[in-house]
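Written out below as structure tokens is the structure these notes cover.
The values are calculated or read from the model by the stated rules, or taken from the named source; none is laboratory data. The model shown is predicted, which means the values in this text are computed figures rather than measured ones. Here Cβ is always computed from backbone atoms with ideal geometry, including for glycine, and neighbour counts include all displayed protein chains. In case anyone asks, the SASA skips ligands and DNA or RNA and just uses the protein heavy atoms, side chains included. Shrake-Rupley method; radii C 1.70, N 1.55, O 1.52, S 1.80 Å.
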Amino acid sequence: MLLEFSSTRCLACKELYTDLRAFSEQSRDVHLVMICGGSAEEARQLAGEFDFPILMWEESVAEDYLVPGVPFFYMIDGESVIINEGFANSLEQLKELVQIGK
């Protein structure tokens with residue numbers, strides 16, 4: 001699973017949306033989940049644009065994961081262990097996060 005922490009107020013996050021769509025379509029074997037900061041309405045709008053789950057940001061979850069900023073990703077294996085993490089701003093960087101984590 002690839003877990004993304006994002007925000008509707010983050011320009012880098014918004015610029016990554018096209019690449020997230022492409023990654024989701026090209027990497028069907030990777031379950032992508034976005035945890036999104038912003039209003040409930042903004043999250044609903046995003047959910048209508050993507051074919052992967054978008055959850056509302058909860059500060060306790062971000063604290064548990066020690067999220068240093070956004071857009072930040074965690075690659076998590078089938079045993080719920082983080083096997084890779086990092087910032088990503090392009091399709092190539094997303095693929096690299098997943099490859100290194102395998």
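If I ask for residues that are part of a loop (DSSP other than H, G, I, E, B) and either buried (at least 18 other Cβ atoms within 10 Å of the Cβ) or of a type in the set (Val, Ile, Thr) (or both), which ones from region 8-36 would you list?
Thr8, Val30
Working only within region 69-102, note down all residues that are open to solvent by less than 70 Å² (accessible area, probe 1.4 Å), touching a strand residue (DSSP E or B) at 6+ places or on another chain (Cβ under 8 Å) and part of a helix (DSSP H, G or I).
Leu94, Leu97, Val98, Gly101, listed by residue number.
Can you spot a residue in region 52-65 that is touching an Asp or Glu at 6+ places or on another chain (Cβ under 7 Å) and either closer than 22 Å to Glu96 by Cα or in a helix (DSSP H, G or I) (or both)?
No: zero hits.
Are any residues in region 57-68 open to solvent by 80 Å² or more (accessible area, probe 1.4 Å) and either of a type in the set (A, V, I, L, M) or in contact with a helix residue (DSSP H, G or I) (Cβ under 9 Å, 6 or more places away or on another chain) (or both), and if so, which ones? Spell out the reasoning first.
So in region 57-68, the residues open to solvent by 80 Å² or more (accessible area, probe 1.4 Å) come out as 58-59, 63-64, 66, 68.
Across region 57-68, the qualifying residue is only Leu66.
Could you list, ordered by first residue, the pairs with Cβ atoms under 8 Å in which the first is in region 49-66 and in contact (Cβ under 8 Å) with a residue 12 or more places away in the chain and the second is of a type in the set (Lys, Arg), at least 6 apart or interchain?
Taking only residues 6 or more apart or on different chains, the pairs are Glu49/Arg21; Phe50/Arg21.
Filtering region 37-51 down to residues that are of a type in the set (Gly, Ala, Ser) and at pLDDT 90 or above, which residue is surrounded by the most Cβ atoms within 10 Å (Cβ to Cβ)? It would help to see each step written out before you state the result.
Keep residues of region 37-51 that are of a type in the set (Gly, Ala, Ser), which gives 37-40, 43, 47-48.
Cutting the leftovers down to at pLDDT 90 or above gives us 37-39.
Numbers: Gly37: 20, Gly38: 17, Ser39: 12.
So the residue we want is Gly37.
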